[in-house]
Amino acid sequence: MLLPTETVYGLGADASNPAAVAAIFEAKGRPRFNPLIAHVHDAETAARIAALDDRALALAAAFWPGPLTIVAPVRDTAAVCDLARAGLDTVAIRVPGHPLSRAVLAAFGGPVVAPSANRSGRPSPTTFDDAVAETGDKAAVALDGGPCAVGLESTVVAVLDGPVRLLRPGAVTRAQLEAVVGPLAEADNDARRSPGRLALHYAPDAPVRIEAAAPEPGEAFLAFGDWPAGEGVFNLSPSGDLAEAAANLFAFLRAADRAKPAGIAVAPIPDEGLGEAINDRLRRAAGFIG
Ligand code: AMP
Ligand code: MG
């Protein structure tokens with residue numbers, strides 16, 4: 001099922017059904033070792049599946065429903081099958097905020113895996129049309145929830161032994177998290193623990209050049225802030241607003257790519273607040289490990 005969430009469009013399936021989960025990996029062409037996020041309707045359901053300690057519960061209270069994924073020890077290994085967890089003894093869990101995904105989760109009752117509805121390695125779809133173009137032929141049902149309000153994947157934190165660790169920057173910022181649980185442990189690049197942090201995720205077909213002061217001839221340009229309009233120019237936010245830029249990022253990467261430019265140059269984005277997540281995705285689109 002193509003399922004809209006506030007972050008990006010997901011390809012949803014029953015998390016307890018290994019055959020359904022296998023079909024999702026197949027549809028995305030996704031490496032098997034990459035575990036999926038289980039989406040549930042509420043924190044009570046989440047607490048039955050994962051062991052949420054006081055810090056996890058405080059994060060849940062502060063940010064659910066919303067764009068935060070919590071990785072915690074798995075309690076009920078049947079509810080989110082082994083394949084969905086890539087065999088780990090932890091589970092990634094989120095309560096999304098989009099009314100359509102909430103209605104589906106309420107009706108279904110159990111956890112639903114819903115990785116971004118792109119083929120593996122490509123930018124996440126943030127509009128219904130982009131989702132249908134990526135994996136629509138693989139979905140029996142496609143729900144149109146309009147453009148995704150956030151437009152960037154959820155923040156992923158691990159709440160295990162030791163301090164809370166930021167596994168993937170996202171829509172909930174580091175400062176917002178630290179206001180609830182104090183200083184986060186340094187993010188590391190252990191790709192096995194958070195395989196979504198592999199390089200060359202989120203890549204369009206054209207090569208991406210980041211931190212570009214201006215486009216070269218033949219390049220499309222993703223501008224940020226004051227920049228003259230023109231052919232091949234996509235301004236992520238003329239007013240320099242990071243939330244607007246996050247919401248536009250993937251749709252504009254796709255739009256720029258459609259004209260088959262020699263490359264896509266991207267203006268420097270300030271590395272504060274949501275900018276941390278935007279720059280993480282841009283470094284990956286450009287083929288650098290962040
Ligand atoms: P996606 O579903 O495409 O938004 O990606 C899911 C993200 O959650 C990826 O970065 C995964 O590596 C991460 N993730 C899922 N389950 C776990 C887990 N048990 N431990 C660590 N990271 C996880
Ligand atoms: Mg994805």
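Observations, loosely collected:
- Applying 0.36 nm per residue to the separation of residue 138 and residue 186 and subtracting their alpha-carbon distance, the gain on full extension is 13.5 nm.
- Across the options 23, 68, 38, the greatest Cα extent toward the positive end of the charge dipole of region 1-71 (unit charges at beta carbon of Lys, Arg, Asp, Glu) belongs to 23.
- Sorted fewest first by neighbouring Cβ atoms within 10 angstrom, 3, 100 come out as 100, 3.
- Net dipole in debye of region 207-257 [+1 Lys, Arg Cβ; -1 Asp, Glu Cβ; about Cα centre; nearest 20]: 120 debye
- Among 122, 102, 75, 258, sorting on how many other beta-carbon atoms sit within 10 Å of each Cβ, with the fewest leading, yields 258, 75, 102, 122.
- 3J(HN,Hα) along region 150-161, derived from phi through the Karplus expression 6.51 cos²θ - 1.76 cosθ + 1.60 where θ = phi - 60°, amounts to 8, x, 9, 4, 5, 6, 10, 10, 9, 10, 10, 5 Hz, with x in place of Gly and Pro.
- The charge dipole of the chain, taken about its Cα centre with unit charges on the Cβ atoms of Lys, Arg (+1), Asp and Glu (-1) only, comes to about 720 debye.
- Residue-span extension gain [residue 205 to residue 179] - 0.36 nm each, minus C-alpha spacing: 5.5 nm
- Across the options 250, 184, 203, the greatest Cα extent toward the positive end of the charge dipole of the chain (unit charges at beta carbon of Lys, Arg, Asp, Glu) belongs to 203.
- Evaluated over the Cα positions of region 67-174, the convex hull gives a direction-averaged projected area, one quarter of its surface, of 7.7 nm².
- Which of 278, 37 has the fewest Cβ neighbours within 10 Å, and the rest in rising order: 278, 37
- Helix 54-63 and the longest principal axis of the C-alpha atoms of the chain enclose an angle of approximately 50°.
- Projecting the Cα positions of 282, 225, 213 onto the charge dipole of the chain (unit charges on Cβ atoms of Lys, Arg, Asp and Glu, taken about the Cα centre) puts 282 furthest along the positive direction.
- Separation between Cα centres of region 214-265 and region 97-124, rounded to whole Å: 28 Å
- Point-charge dipole on Cβ atoms (K/R +1, D/E -1) for region 54-151, about Cα centre, debye to 20: 180 debye
- Euclidean distance of C-alpha centroids, region 164-183 and region 1-59, integer Å: 20 Å
- Net charge of Cβ neighbours under 9 Å - reference residue 67; Lys, Arg +1; Asp, Glu -1: -1
- With contributions of -39500 (n - 2.57) from each DSSP H run of at least four residues, the per-residue ellipticity at 222 nm computed over the chain stands at -8500 deg cm²/dmol.
- Nearest-ten-degree value, helix 18-28 long axis tilted from longest Cα axis of the chain: 0 degrees
- Loop-located chymotrypsin sites (Phe, Trp or Tyr not before Pro) in region 1-108 (DSSP state not H, G, I, E or B) with no more than 14 neighbouring Cβ atoms inside 10 Å: 33.
Rule-based calculations on the coordinates, nothing more; no lab input. Note that the structure is predicted; figures quoted are calculated from it, not measured. Every residue, glycine among them, receives a Cβ derived from its backbone with ideal geometry; neighbour counts consider all protein chains shown.
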